[in-house]
Amino acid sequence: FFCFLSVVMNWKVYVHYEDEHLEHTALVQLPPTASVSDIVKEFTASIQKAFPKADVDVTKYQLTKSNGRVLDPSQTLAKASIIPKEDLFVISKSSSVHRKPVPSEDDKKNADNLKQKGNAEMAKKSYKKAIQYYSDAIKLLPENAILFSNRSQANLNLKNYQAALDDSNKAIKLDSTFAKAYLRAGKAAMGVGDANSAKSFFVRGLRVTDSKNDKLSKTMSKEFRKLIDECQMAIENQSTAQEREKAVVAEFQKSIEQIKDLFSRGKLKETAQQCEQILKLIPGEKVSTHYLSTILLSADKYKKAIEVLEPAVDAHPDELELRISLAEAYYHTGDHMKAVKILTGIEKLVADDKDNERVSIRVARHLLKIGQEDTATKLIMGVLKKNENNPEALMEYGNLLLEKGVLHEAIKVLLRALILNSEDKTVRRKLAIAVRAPEGLKFLLEDLQDANSASARGFLALIFKDFGALEQSEQLFKSAAELAPSSATYWLNYIHVLEIIVKYQEAFDSTVQYLENNSKLSLPPVKPEDKEVSCADILSEIKELKDISLALKQRSGGEGKKAEDVFGSCDEKLEHNFTAEQLDLLALLFTLVKILYVTGNIESIVKIVPLIERARRGKQLHLTSIRNEHAYYCCIGQLLPYISTPLPDYEPLYVVGDSHTLPTAWQTITVDGTKRLLIPKLVTGCKMWHLRKEAYFFPKENFDNMISSIPDGSEAVFLFGEIDCREGILVAVEKCRYESVQQGIDHTIDIYMDKLKEVKKQKNIRMYIHPVVPVLNETRDMVKQFNVTLEEKVKQMEGIVWLDFFSSLLTEDGNSLVSDYTLDGTHMNPTYISLLESSINATK
């Protein structure tokens, strides 16, 4: 391009450089006697000084006049007849500079005619037609800067900024003194968002116009200065915007990392809140959508999951996982056609065979729901043909066989799926359903490898227990115990199942059998000087006890004396030194005490507790695998001095509930002038939540079995809800199952009320509803809130009575449990029974 040089005599010198980014203006002061080459030397020296990296060689340039005459480098300025204000050109002699073709006069005339037509169309704002005329003219005069500049303006008007920039750049290369070309180039650069380049064009244009004194140039100089200021402001704003964008991106990345961290730590509610904040700012953002939808799906909030997932799928149609999650949500809302549509035609998103199998299985699940069994079966079998060990396909195929009544084959397939994915809850539940069918367990054992393995039977028994197949669990645990007579683990689990199905006599007999089989097995004493405690020692204290039901059948006429305080202490200060086998033996003995307690065999407990204490007292067991059995044992040990033996022959009043029934057990009250004996109906670990209709977890079965053991038409106190308040509701809120604690309370109590209605209808029991006990400081406020709602809902039901004594359990300020009613920090002291008695009498 051309840069100009002002000499002392007001001459202009234009220099052609191949590097179009090289710009410079120099003032050369030479006398008239100086040579032409001196002008070139002075100018190129100035350029070299300004741009040290530029390749400036004075020998490669020559000076010409505007008429094209080359000046002799040796001539003086005076001899060369250089007239002041005459334009001079420093032209490169390199091969890159070619002589321009000389257009014919006809070409010039035709091109000018086309230009005039283009200008006319510009005046009419017919810019596309103008561009065509200018383009045709350029074909005739390809070196005409004005034509390129005019076409640039037409493209500018159409906002074709890149085309306008290309044309104006071409115009500048053809004529570096063409101010309008710089103006249009700058505006085009602004149009493509390049404020820096735009400013450069405007600065270069300003140099051209500032070198001229005509009115138009002065006007254009003002415009250039204004545009330069605007560019500078845009550059500064762009810099600020970029910094702001960087800060936003950094904050976004920080939020995403926080989401991942919160999710990994199980802080699901906080995770969901963070995700929701991001999605408000960036609807459909895929990372936060993934985490939020995962939380919502696990919380059974399928409609809300759909609301979250749909914008993300629209924004990221190629994200396979988002589509699969959305289809899953529609599956649970019953819109299977919509789910199939989402999963259909996404072959291009499937990365490998594994993904293809996942999609095929899910499509098959939906097709089964809409009656397209043949197509679904083909899809499932197609997956299994390629991969016979796909656990998902096996589970779906097993479920299909189960629904069609092909039981034996279904169990075989489901068992195989379980072996491949033993932690899958769906497979576990389906297999538990299958074995509950007639001959289900028989088929299972036929297909089970290592069928005579105690570990295999014990593993399956544990699964069936958790998923409500208690009869089958009982049989498997019993056979596992018989196969491994010295394993306290299998015997303990077997006895726990017998507890659940309220077979206390069998549980006791099985405990005795284990002790007899392992009579020499012993526990180390706490004190070195004491003897070890063997199974034989325990047996010797209960050898006369055969029928544990006699404690209730052979009750005396009145109350006897209080049981001896033989329990040591709950204080755990010593590290235990028990082996895993010894821990299981201890758990078995703790469970024996529990069975004897709930069946009223208090005298037998008094005999064996001192032996157990010889090995247990002061040992830290609260963090071991037997902590639950230990907690029951310690509670019972502290309750013994409050119970009179032998048990009085009073009319029974049953107390159905979780471990908080233990303090009420075997206490006597007077109701409407009649002595009553409180008989425990312990439902171990039962929450109200477990009692919902669709539940299959074993506490619900335990509850139903306990209710069955109560004679029709009896009276019973129901005492549930403390575990819900302690962990159930709060955990559910954290997992986003509920929006608030109150919503969780309402739903939980509704489940309880529905179950009580069912019991009332079946057994015609007169029900007294015990308030949730405020034993823990940490959950007391929660318990208060829970009891307010529980009281309201109970009073709305006919035939169910609220026992209104909760406030009496608390101090005057309502913040603490009355000290007289504390036992071990987690259970009530039986001294509170007088409040229960008064409250029942108040309802008569």
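Residues in the stretch 275-287 that are within 22 Å of ALA732 (Cβ to Cβ) and either open to solvent by less than 40 Å² (accessible area, probe 1.4 Å) or more than 14 Å from the chain's Cα centre (by Cα) (or both): CYS275 alone.
In this structure, does GLY191 turn out to be open to solvent by less than 40 Å² (accessible area, probe 1.4 Å) and on the phi > 0 side of the Ramachandran plot? No, not satisfied. Annotation note: of VAL427, VAL435, the sole residue that is touching a Phe, Trp or Tyr at 6+ places or on another chain (Cβ under 7 Å), part of a helix (DSSP H, G or I) and open to solvent by less than 50 Å² (accessible area, probe 1.4 Å) is VAL435. Filtered by the rule that a residue be within 18 Å of ALA272 (Cβ to Cβ) and in a helix (DSSP H, G or I), the stretch 300-320 gives TYR302, LYS303, LYS304, ALA305, ILE306, GLU307, VAL308, LEU309, GLU310, PRO311, ALA312.
In summary, helices (runs of 4 or more DSSP H) completely within the stretch 138-248 and bearing 1 or more residues that are within 60 Å of the chain's Cα centre (by Cα) and among the acidic types (Asp, Glu) occur at 161-174. A single member of VAL801, VAL788 is open to solvent by 70 Å² or more (accessible area, probe 1.4 Å) and among the β-branched types (Val, Ile, Thr), and it is VAL788. Residues in the stretch 152-167 that are in contact (Cβ under 8 Å) with a residue 24 or more places away in the chain and of a type outside the set (A, V, I, L, M): SER152, GLN153, ASN155, ASN157, LYS159, TYR161, GLN162. The residues listed here are SER211, SER217; of these, the one that is open to solvent by less than 30 Å² (accessible area, probe 1.4 Å) and modelled with pLDDT under 90 is SER217.
Applying the criterion of being under 22 Å from ILE679 (Cβ atoms) and of a type in the set (Phe, Trp, Tyr) to the residues of the stretch 690-737, the residue that is nearest to the chain's Cα centre (by Cα) is PHE720. The residues in the stretch 727-759 that are more than 15 Å from GLN796 (Cβ to Cβ) and aromatic (Phe, Trp, Tyr) can be counted, and the count is 1. Screening the candidates LEU596, LEU552 for the property of being open to solvent by less than 80 Å² (accessible area, probe 1.4 Å) and in contact with a Gly (Cβ under 7 Å, 6 or more places away or on another chain) yields one hit, LEU552. The set of residues in the stretch 401-419 being in a helix (DSSP H, G or I) and open to solvent by 80 Å² or more (accessible area, probe 1.4 Å) consists of GLU403, LYS412, ARG416, ILE419. Summed over the stretch 501-535, residues that are among the hydroxyl-bearing types (Ser, Thr, Tyr) and without any contact (Cβ under 8 Å) to a residue 40 or more places away in the chain total 4.
Of all residues in the stretch 451-507, those that are over 37 Å from the mean Cα position of the chain (by Cα) and part of a helix (DSSP H, G or I) total 24. When restricted to residues that are of a type outside the set (Ser, Thr, Tyr) and open to solvent by 70 Å² or more (accessible area, probe 1.4 Å), the stretch 331-372 contains 12. Does GLU121 meet the test of being acidic (Asp, Glu), under 17 Å from SER104 (Cα atoms), surrounded by fewer than 23 Cβ atoms within 10 Å (Cβ to Cβ) and in contact with a Lys or Arg (Cβ under 8 Å, 6 or more places away or on another chain)? No; evaluated as a whole, the condition is false for this residue. Screening SER473, SER453, SER486 for residues that are free of Cβ contacts under 8 Å to residues at least 60 places away in the same chain, polar (S, T, N, Q) and open to solvent by less than 20 Å² (accessible area, probe 1.4 Å) leaves exactly one candidate, SER473.
Among the candidates ALA695, ALA716, the residue that is open to solvent by 10 Å² or more (accessible area, probe 1.4 Å) and not in a helix (DSSP H, G or I) is uniquely ALA695. Pairing residues of the stretch 662-674 that are closer than 21 Å to PHE720 by Cα with residues that are crowded, with 19+ Cβ neighbours inside 10 Å and among the basic types (Lys, Arg), at Cβ distances under 6 Å and at least 6 apart in sequence or on separate chains, gives ILE669/ARG676.
Screening the candidates ALA164, ALA185, ALA181 for the property of being out of contact with any Leu (no Cβ under 7 Å at 6 or more places or on another chain), open to solvent by less than 30 Å² (accessible area, probe 1.4 Å), under 30 Å from GLN132 (Cα atoms) and at pLDDT 90 or above yields one hit, ALA181. Within the stretch 732-770, being free of Cβ contacts under 8 Å to residues at least 60 places away in the same chain, open to solvent by 70 Å² or more (accessible area, probe 1.4 Å) and under 18 Å from ALA299 (Cα atoms) holds for GLU739, GLN743, HIS747.
Can you find a residue in the stretch 324-331 that is closer than 17 Å to PRO283 by Cβ and assigned to a helix (DSSP H, G or I)? Yes, some residue in the stretch 324-331 is closer than 17 Å to PRO283 by Cβ and assigned to a helix (DSSP H, G or I). With the condition kept exactly as written, say whether any residue in the stretch 550-560 is in contact (Cβ under 8 Å) with a residue 24 or more places away in the chain, touching a helix residue (DSSP H, G or I) at 6+ places or on another chain (Cβ under 7 Å) and under 23 Å from TYR632 (Cβ atoms). No, the conditions are met nowhere in the stretch 550-560. Scanning the stretch 557-588 for residues that are open to solvent by less than 40 Å² (accessible area, probe 1.4 Å) and either in contact with an Asp or Glu (Cβ under 6 Å, 6 or more places away or on another chain) or at positive phi (or both) yields GLY568, ALA587.
Residues that are assigned to a loop (DSSP other than H, G, I, E, B) and surrounded by 15 or more Cβ atoms within 10 Å (Cβ to Cβ) within the stretch 807-844 comprise VAL818, LEU823, ASP824, THR826, HIS827, ASN829, listed in sequence order.
The values are calculated or read from the model by the stated rules, or taken from the named source; none is laboratory data. Remember, it's a predicted structure, so these values are computed and weren't measured experimentally. When we count neighbours, we look across all protein chains shown, and the Cβ atoms used for this are built from the backbone with ideal geometry, even at glycine. To get the accessible areas, we keep the full protein, side chains included, count just its heavy atoms, and leave off ligands, DNA and RNA. Shrake-Rupley method; radii C 1.70, N 1.55, O 1.52, S 1.80 Å.
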